[in-house]
Amino acid sequence: MKFLTFSSINPTGPAIFDGGRTLQQLWMFWVAPLLGGALGGGLYRALFAE
């Protein structure tokens, strides 16, 4: 069974060529940082708004 560890590499290219399970996991590589950034921005605004 193949899977990506999402370590310090960009898995987009290998996932596209490999397909299968690695391609199914690719969405997390893009969505998680965007959600984390939005959550961090919202928390900053909520805690430090004037």
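Every read-out reported here was derived from the displayed coordinates using simple, explicitly stated rules and does not represent laboratory data. This structure is a prediction, so every number in the text was calculated from the model and none was measured. A quick note on method: Cβ atoms are made from the backbone with ideal geometry, for glycine too, and the neighbour counts reach across all protein chains shown.
General remarks:
- The simple spin-label model puts a point 7 Å past each Cα toward its Cβ; for F17 and L39 those points are separated by 3.3 nm.
- Contour excess over end-to-end distance, with Cα ends at W27 and E50 and 0.36 nm allotted per residue: 4.7 nm
- J(HN,Hα) series, segment 29-37, from Karplus relation 6.51 cos²θ - 1.76 cosθ + 1.60, nearest Hz, glycine and proline x: 5, 9, 6, 4, x, 5, 5, x, x
- The order of R45, R21, going from fewest to most other C-beta atoms within 10 Å of their C-beta, is R45, R21.
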